[in-house]
Amino acid sequence: VDWIGRLVATPRLVLGVLDGMGSDFGCLVLETEYWRGMGLPNVLVEGDVGMVADLVAATSLHAGEVARNPYHLSLPGRMQDAVRRGAELVGGQGGEAPRFAFGELYRLRGWRGGEWEEVVGEGEVVGLGELEEFWGRLLT
């Protein structure tokens, strides 16, 4: 959960919608972090240089926001820090660090029968070449 007002309200709104769905409804929910680090991520996904460049360019188009806070310039460093933190938080303390420089941290859970369910074991470090297999395994 983030701390910017509208970003705090969004997950609450989604949870309210999920609560209103019938007991036969199920879906995957992917949470991310930006303004504040996530306490319990369970997935670290690799990002490559081209993706990071695209994200910096796209974020720079938020002219009003980046005029007062040019956070798009720190995006590559934040994604490097996500790999450092994710190595321990997702990959396990003392484990081998991922062999990629940029990444994003997520919390992936399932919503079934009106309750949260864990869909990822101890945590998953997912390289770009493994994304299709990762999602295929979860969606079957």
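Taking first residues from segment 51-68 that are closer than 16 Å to A101 by Cβ and in a helix (DSSP H, G or I) and partners that are open to solvent by 50 Å² or more (accessible area, probe 1.4 Å) and of a type outside the set (V, I, T), the Cβ contacts under 8 Å between residues at least 6 apart in sequence or on separate chains come to V56/L73.
Apart from one condition, R107 fits all of (1) out of contact with any helix residue (DSSP H, G or I) (no Cβ under 9 Å at 6 or more places or on another chain); (2) open to solvent by less than 30 Å² (accessible area, probe 1.4 Å); (3) not in a helix (DSSP H, G or I); the exception is (2). Scanning segment 62-70 for residues that are among the charged types (D, E, K, R), open to solvent by less than 70 Å² (accessible area, probe 1.4 Å) and closer than 24 Å to L89 by Cα turns up nothing. Among the numbered conditions (1) out of contact with any helix residue (DSSP H, G or I) (no Cβ under 7 Å at 6 or more places or on another chain); (2) open to solvent by 50 Å² or more (accessible area, probe 1.4 Å); (3) not in a helix (DSSP H, G or I), the only one that A97 does not meet is (1).
Any chance segment 54-67 includes a residue that's touching a Phe, Trp or Tyr at 6+ places or on another chain (Cβ under 6 Å) and modelled with pLDDT of 90 or more? No; the residues of segment 54-67 include none that is touching a Phe, Trp or Tyr at 6+ places or on another chain (Cβ under 6 Å) and modelled with pLDDT of 90 or more.
What do you reckon, is G114 open to solvent by 30 Å² or more (accessible area, probe 1.4 Å), closer than 29 Å to M21 by Cα and touching a helix residue (DSSP H, G or I) at 6+ places or on another chain (Cβ under 8 Å)? So G114 fits the description; yes.
The values are calculated or read from the model by the stated rules, or taken from the named source; none is laboratory data. If you're wondering where the values come from, they're calculated on a predicted model, not measured in any experiment. Using ideal geometry, Cβ is built from the backbone for each residue, glycine included, and neighbour counts are taken over all protein chains shown. Surface accessibility is based on the protein's heavy atoms, side chains included, excluding ligands, DNA and RNA. Shrake-Rupley method; radii C 1.70, N 1.55, O 1.52, S 1.80 Å.
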